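These notes are about the structure you will find just below.
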Amino acid sequence: MAALDLRAELDSLGWLSLAKARYAMGAKSVGPLQYASHMEPQVCLHASEAQEGLQKFKVVRAGVHAPEEVGPREAGLRRRKGPTKTPEPESSEAPQDPLNWFGILVPHSLRQAQASFRDGLQLAADIASLQNRIDWGRSQLRGLQEKLKQLEPGAA
Amino acid sequence: MLEGAELYFNVDHGYLEGLVRGCKASLLTQQDYINLVQCETLEDLKIHLQTTDYGNFLANHTNPLTVSKIDTEMRKRLCGEFEYFRNHSLEPLSTFLTYMTNEFPAQEVCTPCSQTLVTMFLRVQVNFHPVKRCSYMIDNVILLMNGALQKKSVKEILGKCHPLGRFTEMEAVNIAETPSDLFNAILIETPLAPFFQDCMSENALDELNIELLRNKLYKSYLEAFYKFCKNHGDVTAEVMCPILEFEADRRAFIITLNSFGTELSKEDRETLYPTFGKLYPEGLRLLAQAEDFDQMKNVADHYGVYKPLFEAVGGSGGKTLEDVFYEREVQMNVLAFNRQFHYGVFYAYVKLKEQEIRNIVWIAECISQRHRTKINSYIPIL
């Protein structure tokens with residue numbers, strides 16, 4: 001069920017919104033030429049152990065767990081007036097919003113695409129956790145069925 | 001230009017006007033679009049396009065056919081036709097066509113920071129002499145910047161550069177870190193210096209300033225084009241000026257719409273609006289104060305032309321503002337063909353062909369994503 005939701009989410013909203021953005025901005029303005037081949041992830045997958053030794057997956061924003069981060073850093077755009085005295089280091093803790101690869105004034109459809117892909121990520125993590133639970137449940141069931149089979153001939 | 005262009009136009013431009021009208025007749029009709037919409041795969045689409053004027057333009061691409069290949073090939077065709085017009089044109093048509101080419105190369109290659117530089121260089125090619133050479137030089141600059149960003153070797157890129165666009169400071173392009181270095185290296189070569197002096201106030205290359213710069217340069221390009229058409233006078237001015245005014249107003253609306261929720265301040269936004277068009281100056285002042293879509297709609301309601309457009313947004317078809325503006329542009333461009341002996345037919349043909357390319361690419365995307373609910377949102381032309 002959740003897999004279908006993911007499919008619907010990505011197909012109907014994600015990729016189509018991207019196509020709409022290309023329609024509005026021009027096909028070459030939204031494509032692999034806009035980003036470098038190396039990019040920093042904005043979100044990470046966090047695997048944790050829940051009860052009964054099950055693995056749960058959660059999507060967390062990258063840079064949240066950086067222990068050397070001193071204080072809150074302003075992510076996003078800053079307007080630098082003239083040359084700065086101390087060169088500000090490129091923040092690797094706060095990765096740049098990928099929407100800004102395509103400029104600042106991006107059409108609404110591109111923002112929509114970003115939102116749907118974000119939701120899709122969340123859904124994917126939920127699906128993975130669910131899949132784990134299902135597999136665990138299935139293996140439990142199989143184990144119990146084996147036991148039942150062993151007990152029955154014994155009783156008969 | 002003398003009044004009564006009917007007497008003199010055909011001497012210099014008659015052949016090309018005939019040619020462009022012939023090209024216009026080969027645009028896809030409603031029946032063609034209906035056939036394309038019924039295709040199941042991109043291969044079907046290719047077969048259907050073979051029966052139209054496009055012919056075997058995709059014949060060299062076997063597998064797998066992607067939407068971006070289709071887009072590239074169609075664009076190449078359009079550029080080829082346009083180059084033919086430009087090579088056979090005489091003054092002042094050739095200057096007119098040169099103004100139009102500023103739109104083209106800017107859409108070809110874009111990278112994170114050089115995107116703006118492309119638009120900067122290209123959209124300001126105003127009645128300057130070695131225009132053709134400029135465009136090749138610019139392509140080379142962009143290629144080099146792209147390579148620098150993606151950490152490719154300079155030699156590899158230099159090999160791919162266009163020979164017509166060579167200039168001595170080429171190797172220095174990828175070393176330049178800030179725009180001022182780049183401008184000092186490149187500006188001296190190209191006759192674009194005066195425009196940059198006007199527009200450049202910040203030195204830093206961050207996204208906000210880049211966007212401001214790009215839009216300011218596009219604004220100055222539009223204003224120069226408008227002035228050219230107006231000074232030309234005659235039927236060309238009567239046809240082109242309303243089209244360009246609509247373009248200016250459209251830019252104002254779209255910039256405003258896209259700037260909601262971003263870091264762009266209202267004062268900055270106002271500097272990006274072109275200073276001509278129906279909205280100038282009162283409408284632009286009101287628009288600069290708008291903070292959401294409804295306020296923008298209130299401004300548009302003052303103008304009889306834009307009120308029905310804004311009312312068509314949303315609705316049952318889920319039309320966006322951009323769709324509605326594209327439709328209006330198509331209407332105006334089709335009407336340009338009703339008059340003879342003017343240069344507007346060239347502009348109108350190119351814009352209509354671009355819309356056709358957008359339509360076909362949209363249909364191709366819907367087919368390849370197997371998502372057919374919105375496949376009919378193309379804009380029919382003929």
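The values are calculated or read from the model by the stated rules, or taken from the named source; none is laboratory data. What you see is a predicted model, and the numbers here were worked out from it, not measured in a lab. We place every Cβ from the backbone using ideal geometry, glycine too, and count neighbours over all the protein chains shown.
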Study note, to complete from the structure: Checked pairs for the range B:351-365, first under 15 Å from residue B:68 (Cα atoms), second crowded, with 23+ Cβ neighbours inside 10 Å and of a type in the set (Val, Ile, Thr), C-beta under 8 Å and 6 or more apart or across chains, list as B:360/B:70; B:361/B:70; B:364/B:70
Exercise for review: Could you tell me whether any residue of the range B:62-72 is within 30 Å of residue B:238 (Cα to Cα) and of a type in the set (A, V, I, L, M, F, W, C)?
Suggested key: no
Check your understanding: When only residues in the range B:255-279 that are within 14 Å of chain A (Cβ to nearest Cβ) and not in a helix (DSSP H, G or I) count, which is surrounded by the fewest Cβ atoms within 10 Å (Cβ to Cβ)?
Key -> B:261
Check your understanding: If we only count helices (runs of 4 or more DSSP H) wholly inside the range B:36-126, which ones have 2 or more residues that are at pLDDT below 80 and at negative phi?
Key -> B:93-101, B:114-122
Practice item. Please verify whether the range A:113-136 includes one or more residues that are under 21 Å from residue B:272 (Cβ atoms), modelled with pLDDT of 85 or more, assigned to a helix (DSSP H, G or I) and touching a helix residue (DSSP H, G or I) at 6+ places or on another chain (Cβ under 8 Å). Key: no
**Study point:** the range B:284-306 residues that are closer than 16 Å to residue B:261 by Cβ, paired with ones that are in a helix (DSSP H, G or I) and among the β-branched types (Val, Ile, Thr) (beta carbon under 7 Å, 6 or more apart)
**Key:** B:290/B:256; B:290/B:299; B:296/B:256
Check your understanding: Here is a list of conditions, (1) over 25 Å from residue A:44 (Cα atoms); (2) in a helix (DSSP H, G or I), and residue A:105 meets all of them except one; can you say which number that is?
Key -> (2)
Review point. Do you know which residues across the range B:65-96 are within 14 Å of chain A (Cβ to nearest Cβ) and either of a type outside the set (S, T, N, Q) or under 30 Å from residue B:229 (Cβ atoms) (or both)?
Key: B:67, B:69, B:70, B:71, B:73, B:74, B:75, B:76, B:78, B:79
Study note, to complete from the structure: The condition from (1) closer than 25 Å to residue B:57 by Cβ; (2) polar (S, T, N, Q); (3) without any contact (Cβ under 8 Å) to a residue 24 or more places away in the chain that residue B:331 misses is numbered (1)
**Study point:** Some residue of the range B:85-92 being within 21 Å of residue B:40 (Cβ to Cβ) and either touching a Gly at 6+ places or on another chain (Cβ under 8 Å) or in contact (Cβ under 8 Å) with a residue 60 or more places away in the chain (or both)
**Key:** no
Study note, to complete from the structure: Going through the range B:15-51 in order, the residues found to be of a type in the set (D, E, K, R) and under 30 Å from residue B:89 (Cα atoms) are B:17, B:21, B:24
Exercise for review: Give just the number: which of (1) modelled with pLDDT of 90 or more; (2) aromatic (Phe, Trp, Tyr); (3) over 15 Å from residue B:223 (Cα atoms) does residue B:273 not satisfy?
Suggested key: (3)
Review point. Do we have residue A:39 as modelled with pLDDT under 80 and closer than 19 Å to residue B:378 by Cβ here?
Key: no
Practice item. Having 2 or more residues that are in contact with a Lys or Arg (Cβ under 7 Å, 6 or more places away or on another chain) is the bar; report the helices (runs of 4 or more DSSP H) wholly within the range B:283-341 that clear it. Key: B:306-311, B:321-336
Exercise for review: For residues that are under 15 Å from residue B:256 (Cβ atoms) and at pLDDT below 90, scanning just the range B:294-321, find the one that is farthest from the other protein chains (Cβ to nearest Cβ).
Suggested key: B:313
Revision key, fill the gap. Apart from one, (1) over 18 Å from residue B:290 (Cβ atoms); (2) modelled with pLDDT of 90 or more all hold for residue B:213; the odd one out is (2)
Practice item. State yes or no: is residue B:343 more than 11 Å from chain A (Cβ to nearest Cβ) and either within 14 Å of residue B:78 (Cβ to Cβ) or surrounded by fewer than 18 Cβ atoms within 10 Å (Cβ to Cβ) (or both)? Key: no
**Study point:** Any hit, the range B:349-364, residues being of a type outside the set (Lys, Arg), buried (at least 21 other Cβ atoms within 10 Å of the Cβ), away from every other protein chain (no Cβ under 14 Å) and over 28 Å from residue B:237 (Cα atoms)
**Key:** no
**Study point:** Whichever residue in the range B:211-238 is touching a Lys or Arg at 6+ places or on another chain (Cβ under 9 Å) and within 11 Å of chain A (Cβ to nearest Cβ) and, among such residues, is farthest from residue B:338 (Cα to Cα)
**Key:** B:214
Exercise for review: Return a yes/no flag: does the range B:239-253 have any residue that is in contact (Cβ under 8 Å) with a residue 40 or more places away in the chain, away from chain A (no Cβ under 14 Å), surrounded by fewer than 18 Cβ atoms within 10 Å (Cβ to Cβ) and assigned to a helix (DSSP H, G or I).
Suggested key: yes
Check your understanding: Is the range B:340-363 home to any residue that is of a type in the set (Gly, Ala, Ser) and within 21 Å of residue B:11 (Cα to Cα)?
Key -> yes
